[in-house]
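First the structure, in the form of structure tokens, and then the observations on it.
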Amino acid sequence: AFQAWCGPCKTVVDLFRKIRNEVGSDFLHFAVAEVDSIDALEKYRGKCQPVFLFYAGGELVAVVRGVNAPLLQKTILEQL
């Protein structure tokens with residue numbers, strides 16, 4: 001979940017692509033949501049910090065706040 005003006009959020013997409021290529025597309029799916037245009041994500045608006053929400057089986061299983069590539073990669077691999 002990000003705000004359109006957040007440059008670092010956009011660069012993380014490359015990290016996600018790299019990880020997805022390494023682990024295979026059958027196991028991992030990414031979605032990008034701009035909080036300014038989705039009412040359900042209103043609580044994430046106005047923050048200077050991107051929030052990465054990890055879901056499995058429709059349940060929120062992990063949250064990473066801020067752009068921390070090593071922590072994001074670790075969290076993704078742990079959740080797989």
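Computed from Cα positions, the angle between helix 7-23 and the longest principal axis of the chain comes to roughly 20 degrees. Here the gap between ASN68 and ALA33, fully extended at 0.36 nm per residue and compared with their Cα-Cα distance, gives a gain of 10.8 nm. Since only GLN3, PHE30, LEU80 are under comparison, the one whose Cα sits farthest along the positive direction of the charge dipole of the chain, derived from C-beta charges on Lys, Arg, Asp and Glu, is GLN3. Ellipticity at 222 nm from helices only: DSSP H runs of n ≥ 4 in the chain, each -39500 (n - 2.57), divided by the residue count, give -11500 deg cm²/dmol.
Restriction of the chymotrypsin sites (Phe, Trp or Tyr not before Pro) in the range 11-78 to DSSP coil positions whose beta-carbon has at most 14 other beta-carbons within 10 angstrom yields PHE27, PHE30.
Read the figures in this text as sums done on the coordinates, not as results from a lab. Model, not experiment: these values are computed from the prediction. In this analysis, Cβ positions are derived from the backbone assuming ideal geometry, glycine residues included, and neighbour counts consider all displayed protein chains.
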